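Chemist: This is the structure I want to talk about, given as structure tokens.
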């Protein structure tokens, strides 16, 4: 039984070898017919040359801020006596927003008033030449120092709006203690226009200039594209990171977009609005494109404009409506018979 099994295995192997040899011969014969006999059709995919907008851009991402955006906070520690506004309130420039504890203000105000009166008195005496210039100068210096101290404390006691805008954040309550270094008491922003701070690497910096168009998308409005403008492109790189800073300024229709939302987009540095465009796969080496004419491939040398990963602008060599071969150009030669199997 073992011997019979071995013979059967040998016969099977021999049959397989014979079969494979026959297939190889058939394959070779077909290849010879293709090379030496009538040319068989090559199957390709096609596309139509169309006019459309094409642009190249430098990508960015970040979180939207108000065009003007500040934290409202004192520079000295103190107790929050009163917060006069709430989130979503609109305020005007110089409106009072927060009142801090005024105990220290009363003290420096008294010192300021005393210094002011002393300065005025010494001024009169000096005018009448009853005191030396040195005494007068000392009183003047004391007055100016007291006035500066009073202004500082006053500015940190009554916190006002530096510009017209909307309260977009409130982070403390009345009677809480505030100390410098913490997040602001309030956040004030101009939200009719938004700003997206971006950084730019050196190789991209040379392509950009203020005023270039930007297109922005946000996750919450994925079906809408917002437009903006590149502004404030820095003339020098950050000494630590080597990056250049800039801002994208964009309108915020009906204040739909909130500050802090994540956004992505690109700054357009070259664009063509009415360009002849084909798939990038249709462009072969040496700027060659094959058109499909009467069932045969026609070799065309073209000039290109904007080159993207998926498509390319054609500036010369093709016309709108031409049928071009988009896939299957490997080994294709001028005049070969081809058959389109799809687009």
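The values are calculated or read from the model by the stated rules, or taken from the named source; none is laboratory data. Remember, it's a predicted structure, so these values are computed and weren't measured experimentally. Cβ: placed from backbone, ideal geometry, glycine included. Neighbour counts: every protein chain shown.
Chemist: Of everything in region 94-131, what is outside any helix (DSSP H, G or I) and either modelled with pLDDT of 90 or more or surrounded by 15 or more Cβ atoms within 10 Å (Cβ to Cβ) (or both)? Give them in sequence order.
Modeler: The answer is 94, 95, 96, 97, 98, 99, 100, 101, 102, 131.
Chemist: Of the residues 190, 152, which is in contact (Cβ under 8 Å) with a residue 40 or more places away in the chain and within 19 Å of residue 87 (Cα to Cα)?
Modeler: Result: 190 is the single residue among 190, 152 that is in contact (Cβ under 8 Å) with a residue 40 or more places away in the chain and within 19 Å of residue 87 (Cα to Cα).
Chemist: Can you give me the number of residues within region 73-116 that are within 27 Å of residue 258 (Cα to Cα) and free of Cβ contacts under 8 Å to residues at least 60 places away in the same chain?
Modeler: Summing the residues that are within 27 Å of residue 258 (Cα to Cα) and free of Cβ contacts under 8 Å to residues at least 60 places away in the same chain in region 73-116 gives 1.
Chemist: For region 243-274, how many residues meet the condition of being over 12 Å from the mean Cα position of the chain (by Cα) and assigned to a strand (DSSP E or B)?
Modeler: The total comes to 8.
Chemist: If a residue must be farther than 24 Å from residue 228 by Cβ and either in a strand (DSSP E or B) or touching a helix residue (DSSP H, G or I) at 6+ places or on another chain (Cβ under 6 Å) (or both), how many such residues does region 40-70 contain?
Modeler: 10
Chemist: Now, a different point. Could you check region 198-226 and list, in sequence order, the residues that are more than 14 Å from residue 248 (Cα to Cα), in contact with a strand residue (DSSP E or B) (Cβ under 8 Å, 6 or more places away or on another chain), surrounded by 13 or more Cβ atoms within 10 Å (Cβ to Cβ) and free of Cβ contacts under 8 Å to residues at least 60 places away in the same chain?
Modeler: Listed by number, the list holds a single entry, 205.
Chemist: Can you tell me which condition residue 183 does not meet? The list is (1) in the same structural domain as residue 262 (by TED's automatic domain parsing); (2) surrounded by fewer than 17 Cβ atoms within 10 Å (Cβ to Cβ); (3) in contact with a strand residue (DSSP E or B) (Cβ under 8 Å, 6 or more places away or on another chain), and all the others hold.
Modeler: Against the list (1) in the same structural domain as residue 262 (by TED's automatic domain parsing); (2) surrounded by fewer than 17 Cβ atoms within 10 Å (Cβ to Cβ); (3) in contact with a strand residue (DSSP E or B) (Cβ under 8 Å, 6 or more places away or on another chain), residue 183 comes up short only on (1).
Chemist: Could you say which residue among 229, 240, 277 is surrounded by fewer than 17 Cβ atoms within 10 Å (Cβ to Cβ), outside the structural domain of residue 99 (by TED's automatic domain parsing) and assigned to a strand (DSSP E or B)?
Modeler: Details: 240 fails: assigned to a strand (DSSP E or B); 277 fails: surrounded by fewer than 17 Cβ atoms within 10 Å (Cβ to Cβ).
Just one listed residue meets the conditions, 229.
Chemist: Looking at (1) surrounded by 15 or more Cβ atoms within 10 Å (Cβ to Cβ); (2) in contact with a strand residue (DSSP E or B) (Cβ under 7 Å, 6 or more places away or on another chain); (3) under 30 Å from residue 80 (Cβ atoms), which is the only condition residue 247 fails?
Modeler: Only one criterion is unmet by residue 247, namely (3).
Chemist: Follow-up question, since we're still on this one. Return the total of residues in region 328-339 being within 41 Å of the chain's Cα centre (by Cα) and surrounded by 17 or more Cβ atoms within 10 Å (Cβ to Cβ). Spell out how you get there, then give the answer.
Modeler: Restricting attention to region 328-339, the residues satisfying the condition of being within 41 Å of the chain's Cα centre (by Cα) are 328-330.
Now drop any that are not surrounded by 17 or more Cβ atoms within 10 Å (Cβ to Cβ), which leaves 328-329.
Adding up the residues that qualify gives 2.
Chemist: Residue by residue through region 140-149, note down the ones that are farther than 18 Å from residue 77 by Cβ, touching a residue at least 24 places away in the same chain (Cβ under 8 Å) and in contact with a helix residue (DSSP H, G or I) (Cβ under 7 Å, 6 or more places away or on another chain).
Modeler: Answer for region 140-149, where residues must be farther than 18 Å from residue 77 by Cβ, touching a residue at least 24 places away in the same chain (Cβ under 8 Å) and in contact with a helix residue (DSSP H, G or I) (Cβ under 7 Å, 6 or more places away or on another chain): 142, 143, 146, 147.
Chemist: Residues in region 298-305: is at least one without any contact (Cβ under 8 Å) to a residue 24 or more places away in the chain, within 30 Å of residue 226 (Cα to Cα) and either touching a strand residue (DSSP E or B) at 6+ places or on another chain (Cβ under 8 Å) or not assigned by TED's automatic domain parsing to the domain that holds residue 61 (or both)?
Modeler: Yes, region 298-305 contains at least one residue that is without any contact (Cβ under 8 Å) to a residue 24 or more places away in the chain, within 30 Å of residue 226 (Cα to Cα) and either touching a strand residue (DSSP E or B) at 6+ places or on another chain (Cβ under 8 Å) or not assigned by TED's automatic domain parsing to the domain that holds residue 61 (or both).
Chemist: Residues to consider are 157, 166; find the one that is under 15 Å from residue 98 (Cα atoms), in contact with a helix residue (DSSP H, G or I) (Cβ under 7 Å, 6 or more places away or on another chain) and in contact (Cβ under 8 Å) with a residue 60 or more places away in the chain.
Modeler: 157
Chemist: Further question on the same structure: Answer yes or no: is there a residue in region 46-54 that is under 30 Å from residue 202 (Cβ atoms) and either in contact (Cβ under 8 Å) with a residue 60 or more places away in the chain or over 43 Å from the mean Cα position of the chain (by Cα) (or both).
Modeler: yes
Chemist: Still on this structure, I have one more. Quick check on my filter: what residues within region 132-161 are assigned to a loop (DSSP other than H, G, I, E, B) and touching a strand residue (DSSP E or B) at 6+ places or on another chain (Cβ under 6 Å)?
Modeler: 157, 161
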